[in-house]
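Asks: Below are the structure tokens for one structure; questions will follow.
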Amino acid sequence: HEAAAAPPRSGLRIIQPAQAPTRALWRPVRAAAETASRDRHCPREPGLRRRFVKLCEWRDGAARRVDESPHAVCPAAALLAFAKRAPRSVDDLVIAFDTLPPFLAADAFGLRGDLLDCCRGLSA
């Protein structure tokens, strides 16, 4: 008996050209801190900047978890308002940013509770 022949490698040649457009579009994910520091809403005051960056990190993680863009989860203007006020309840969120973004207003995927947990950690 002859040994089993190795599987043909032609499948790899078919897959690789098909992936070329995807490889051309792919870019590595930037760190949330780098993205936040480039945002026009990023404050200059160090303490407020640190809180804003923390909230941007939360937003980026939440966006990946729910497979949405970070801005759809929570716009930077809202993050800045939350960084300034450090809300501790849903009422505080509404006071800080009058019209909550849809994902937060509907509490989709439990994001509102996650955001409040992150905001409570800002003052610590």
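Asks: Enter the accessible area of ASP114 (Å², nearest 10), with the probe set to 1.4 Å and all protein chains included.
Replies: 50 Å²
Asks: Considering only protein heavy atoms, with the full assembly of protein chains and a 1.4 angstrom probe, order PHE103, PHE52, PHE109 by accessible area, largest first.
Replies: I get PHE109, PHE103, PHE52, largest accessible area first.
The values are calculated or read from the model by the stated rules, or taken from the named source; none is laboratory data. Computed from a predicted structure; not experimentally measured. Surface areas here come from the heavy atoms of the whole protein model, side chains and all, with no ligands, DNA or RNA. Shrake-Rupley method; radii C 1.70, N 1.55, O 1.52, S 1.80 Å.
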